[in-house]
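These notes are about the structure you will find just below.
The values are calculated or read from the model by the stated rules, or taken from the named source; none is laboratory data. None of the values given here were measured: they were computed from a predicted structure. So basically every Cβ, Gly included, is an ideal-geometry build from the backbone, and we count neighbours across all protein chains shown.
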Amino acid sequence: LATAVGKPESLAPETERKLNFEIAKIWVRVNLLAPLPKKIISGFSNGRECSRFVNGRQSSAKSTRSRSRESCGTRRSRPGRSAADRRNLKVPQEVDILQTTPPETLKGSVHPQEGEPRMLEVDRTPVSEPETVSERINGGVPASVASTIAATKAGPSTVIVLHKDLAPHATQAEKRSLLPGLQPEEWPQGHDRLENFIIFFAWNIRGLNSITRHTMVKEWISSHRPLFGAFLETHVQPSNSSRISRAIPSGWSFFANFDHHETARIVVVWDPSVTMTIYQVSAQAITCGIFILSQNITLTVTFVYGFNLANERRALWDELSVLNASTPVSRAPWAVLGDFNQILRANQHSNHLDLEVDSAGMEEFNLATQEAEVFEAQAKGLPFSWWNNQEGNPIAKKIDHALINQQWAMLFPDAYSEFMEPHQSDHAPCLFRMSGFHQRISKPFKFFHHIIDHPLYTKTVREAWRCDVIQGSAQFKLMRSLKLLKMDLRGLNKRYYSGISARVKDQAAKISGLEMNPAKSEIFFGGYNDSEARVLSGISGIKIGAFPTRYLGLPLNPAKISMATLQPFLERITSKLHSWTVKLLSFAGKIRLIASVIYEMVNFWSSVFVLPKSFYAKVDSLCAAFLWRNKTGSAAGARVAWRDVCKLTEEGGIGIRLLEDFQLVFRLNQVWNFFTNAGSLWVAWLRNHVFRRKSFWATEDSSRLSKAVRSMLQLKPHLLDFMRCDLNNGELASFWFDCWTDLGPLISVTGESGPRNLKVRRDARVIEATRHGDWIFPPARSTQMENLQIALSAIPPPQVALGQHIPRSSFVAWLALLRRLPTRDRLRRWGMSVPLDCVLCSSGVETHHHLFFECGFSTSIWCFFSSKIWVNPPLDLHSAAAWIMQARPQTRSNPQALAIIKLIFQSCIYLVWKERNARIFTSSSSTPESSRAVLDRMMRDRLLSLTPCSPSSPSLLEFYFACTRPP
């Protein structure tokens, strides 16, 4: 039937998708100049004939096509015409226009109605030669294409719309109408290319007038095959706009911002297979919408060419911000790319360390990107996009950028920009690539028999089977019910059986806590016989391992590393030195090989293990023989001893170091980690198993210790020059061995008799040498001890670090601990005539020691609260402070009790001192019971604002209530 009318092209989309089996549609190419047949008679093999009537709107289509052909300037070349003449022949491009809006109807129409195109005054120049819009209007229009051109002036920018409406299910013939002037064999391969990537570009071409530039640009486009893009800084005058046509492939269109600048600063070009809509135009930017028919994708792209001066670029920043704030681009994929003439960060300047960069311009650019809600897309290729073409003083910058918004990044996560070689320009072209969309292929339904065994199968079928509500024949009811059942069965299978293998592995990983690879794993048994080990290995699927084994290239062996263990490693080093690639190396090349390859291999092992000295001597001998004799045998006859070679250049060497020096550094680093990395599992194990009874400094080297621990203990003499200790509260600093004074470790000053002369234990902490805020030393019996005590007296003793404090209470407590409160005994010593009696109890001299807490008033307050947490609390100020400072085991195991007792301690001191001042200066007094109530209120208010010590423990206020409630 189709061949009787014309040439069949393709099936209609609905027929190809098999949506209706009663009607079939085929797209057919017909000759509208010839009359269509009115009746078609078709015959079958059994002799039966069938007649079909043809109904088509021939007249309107014919007239439209006739007008199009009459206005078309394409003519056959005459014999004898040269190729150059044929190239220069004016072949106007067909632009389909269905309706035009007269300019007078748009006057004053700044905000058109919703759904109508905005902006006007369009100069859509064809590829060959420019022609007027009226000529193109008379050219006709295809039946499936509708175009609208309208325009108006809106502020400083002109908004232009070039819109083509084409149905998504357009035929191949309709798609070809988008490629005017080309024969079918000349169509660009853009449709096939779109199935993989969508490519567009922005390039500062620095002039587009010369023929060489035209040839270069055409070759570049045909090589990379973009769909659309923009040329910047073309230097093309409006009168020479035809030069742009010669620089782009045949069939392409372009738009330039001639109305906003005397030269075409920005020229947008596009392939005929895409529909271009110009939204907004200014001197520094052109914003356009792109519809890609084959992918059904709509994009918004702004091509930018910023001015050279920063104050002139501010209009560009404002334009981008307004676009994001007041137009729909913020809700759609939006890309901004081009030459901004401004770097975004300091490292985008090749010489930013020596030259001053435009920090103000960078700040304005960054603020503009934040207001426009765009950011840099993933980029590859050249790190800088522009250079100054000066061989003597080269400077490169990245002033070309590709920016995208969040919607673009979400819709095209694999999109990226590529900055390529600049060719004849000083700017690198920016080529933007992104994957296109592919139509989802609907898979046929497949029934899986395993879902029959699922407990919900019967219920699902019963609920989805609705034969009684379907009207029609029995066969139709059956087929319709089966079709409705497919969705429920597919959901049942997907819900309970999709990715079942991965889910089983995930559950196993959650149970074991680890995800292991049995092929790369080994299992080690201890206390099992061989048969049990083999059975367990077979069940787990993991092979049985044996020591020594390897992990990350290093041997794991509980035994001591010997030369026999290191023999394979030595063979690897020897093979590196015997390789044929090093035979012709110079002396400098050999030194580089030794320093960067051999030494790095050895240092990787040295950072983990303590290797024997014989191993380092062997490696040094191999390197010396390789350097001087190009062999790995003997280094006899070497010009310079290896120990002299391995010196600094200031010392007469060549800058490499001995391997033993590296080993010393790695060992010192282990000691440093032991003292500073408190959260490490290795450090916790050492402190609880090796140095539990004695500190690191008090532990002596012993053969019962491991090789790693012994190597740390053997470094004690070297630590004096490298380690310093912050005193803080003195609870962690060793009194004799840490360098917490300018004298260095005190054990080196006093000798081994120092602990006996000063009455301070050998492994004591600094806090243990203080009492009541003062140093406690016996009388000096030698000049050395006397000088030491004089030096220590200049160092303030460590004090209690009170946490969870109330500022006014902690300050008064601090003064009390330093004995700096103006008590009556101190006032009398200052010469003031005041009574010495305590105003709180009148039973003793008012001193710090009496007020806190020998006075009956203060004792009743202190013991009332502290006895509920501690048994037999101390009744002396500095004894209580020392008790808090040493953090007794019962409070250390319960940090809540320690936090509360600190707060009680300082609050009690504050209230006692406040009551003392009130009785002296205001003649008002309070009973101990009322003071306890005030302290209780202070505690509740403060503890209410504190968080628990740990997430699993109750709050401090709950703990306080539990301690202070009556039995």
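Data overview
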item	result
Residues being touching a helix residue (DSSP H, G or I) at 6+ places or on another chain (Cβ under 6 Å) and either within 21 Å of Ser242 (Cα to Cα) or of a type outside the set (A, V, I, L, M) (or both) - total across the range 283-318	8
Residues of the range 330-348 satisfying the condition of being part of a loop (DSSP other than H, G, I, E, B) and of a type in the set (Val, Ile, Thr)	Ile343
Test: Lys618 is of a type outside the set (A, V, I, L, M) and touching a residue at least 40 places away in the same chain (Cβ under 8 Å)	yes
Qualifying residues in the range 536-553 (those that are of a type in the set (A, V, I, L, M) and at pLDDT below 80) - the one farthest from Leu566 (Cα to Cα)	Ala546
The range 277-297, residues that are under 22 Å from His401 (Cα atoms) and not aromatic (Phe, Trp, Tyr)	Ile278, Gln280, Val281, Ser282, Ala283, Gln284, Ala285, Ile286, Thr287, Cys288, Gly289, Ile290
The range 679-696, residues that are assigned to a helix (DSSP H, G or I) and of a type in the set (A, V, I, L, M, F, W, C)	Leu681, Trp682, Val683, Ala684, Trp685, Leu686, Val690
Boolean, Leu746 is outside the structural domain of Val912 (by TED's automatic domain parsing), crowded, with 18+ Cβ neighbours inside 10 Å and either of a type outside the set (Ser, Thr, Tyr) or within 29 Å of Asp941 (Cβ to Cβ) (or both)	yes
The range 341-371, subset farther than 19 Å from Asn308 by Cβ and of a type in the set (A, V, I, L, M), residue surrounded by the fewest Cβ atoms within 10 Å (Cβ to Cβ)	Leu353
First in the range 458-474 and outside the structural domain of Leu492 (by TED's automatic domain parsing) and loosely packed, with under 10 Cβ neighbours inside 10 Å, second anywhere and modelled with pLDDT of 85 or more and assigned to a helix (DSSP H, G or I), Cβ under 6 Å, 6 or more apart	none
Within the range 641-655, considering residues that are under 44 Å from the mean Cα position of the chain (by Cα) and assigned to a helix (DSSP H, G or I), the one nearest to Arg629 (Cα to Cα)	Thr649
Helices (runs of 4 or more DSSP H) within the range 697-777 that include 2 or more residues of a type outside the set (S, T, N, Q) and closer than 28 Å to Pro796 by Cβ	746-750, 754-758
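Yes/no per residue for (1) modelled with pLDDT of 90 or more; (2) within 25 Å of Ile198 (Cα to Cα):
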| position | (1), (2) |
| --- | --- |
| Phe228 | yes, yes |
| Thr234 | no, yes |
| Pro238 | no, no |
| Ser241 | no, no |
| Ile248 | yes, yes |
| Phe254 | yes, yes |
| Phe258 | no, no |
